[in-house]
Amino acid sequence: MKNILNKIHKFNLELNEYECSIIVNNEIIDEFSDEYFYDNYKTLNYNEFKKYKCGVCWDYVMYESAYFKKYFSDINYETYFFLIASDGYYSTHTFLLFYLNNNVYWFESSWKPYCGIHKFDSQQDALDYIFKELKNFYNPKIDKDDESFYCSYNAKSKLLNNISCQEYIDYILEQNLIKIK
């Protein structure tokens, strides 16, 4: 099993070199406003992500999920979507957890300050830590009226390929969202 963890680590290091960008008309856009993102973003399929070596966390996790299924088929994993709703504005992040040797590992490549593989004793420990860090990162002064949610979702779903920001959010909102207290 140590060999498989080394292979997963190598995959993580490769993805850590990819950029946070979006593709618009086959052009890599590195800097963009929230409005530009909302109006122009389309999720990337597996081959597009691999070709451009960039995306947003949604694209990373879709790729990671497909890669795990193909190359690490004996490893159980789950993909998660996190959302903070604040004054009509939404902050999101997606990530992958995998399970090996009675431990839980957070596989992170898109959120650059946290790139790497992080080990936890339990799924709840991992989720609690990640949510705390995400809340601090996205909104350190979360208002009592702000709400945070998460869900486990199928990042391999073909329904997620080449869709707009709104279509992606609509897909997620159909999942079983759990409020974070």
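The values are calculated or read from the model by the stated rules, or taken from the named source; none is laboratory data. No experiment lies behind these values; they were computed from the predicted model shown. Neighbour counts are summed over all protein chains in view; Cβ atoms, including those assigned to glycine, are modelled from backbone coordinates with ideal geometry. All accessible areas refer to the heavy atoms of the entire protein, side chains included, with ligands and DNA or RNA removed. Shrake-Rupley method; radii C 1.70, N 1.55, O 1.52, S 1.80 Å.
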* Asked: Pick from the stretch 1-55 the residues that are assigned to a helix (DSSP H, G or I) and among the β-branched types (Val, Ile, Thr): which of them is nearest to Tyr90 (Cα to Cα)?
  -> Ile8
* To do: Find the strands (runs of 3 or more DSSP E) located wholly in the stretch 68-140 whose residues include 3 or more that are among the hydroxyl-bearing types (Ser, Thr, Tyr), and list them.
  => 76-86, 89-100
* To do: Note down all Cβ pairs under 7 Å where the first residue falls in the stretch 152-181 and is at pLDDT 95 or above, the second is in a helix (DSSP H, G or I) and of a type in the set (Val, Ile, Thr), and they're at least six residues apart or on different chains.
  => Tyr153/Ile172; Ala155/Val61
* Structure fact -> Residue hits (the stretch 71-92; at pLDDT 95 or above and either under 19 Å from Val56 (Cα atoms) or among the basic types (Lys, Arg) (or both)) are Glu78, Thr79, Tyr80, Phe81
* To do: Take the stretch 30-75 and flag every residue that is more than 23 Å from Leu5 (Cα to Cα), surrounded by fewer than 17 Cβ atoms within 10 Å (Cβ to Cβ) and basic (Lys, Arg).
  => Lys51
* To do: Keeping to the stretch 93-111, report how many residues are within 9 Å of the chain's Cα centre (by Cα), open to solvent by 10 Å² or more (accessible area, probe 1.4 Å) and either at pLDDT below 95 or of a type in the set (A, V, I, L, M, F, W, C) (or both).
  => 1
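Looking at Tyr63, is it closer than 23 Å to Glu17 by Cα, in a helix (DSSP H, G or I) and out of contact with any His (no Cβ under 9 Å at 6 or more places or on another chain)?
Spelling it out, Tyr63 is indeed closer than 23 Å to Glu17 by Cα, in a helix (DSSP H, G or I) and out of contact with any His (no Cβ under 9 Å at 6 or more places or on another chain).
Counting only residues that are among the acidic types (Asp, Glu) and touching a residue at least 12 places away in the same chain (Cβ under 8 Å), which one in the stretch 1-29 is least open to solvent (accessible area, probe 1.4 Å)?
Only one residue tops the list, namely Glu19.
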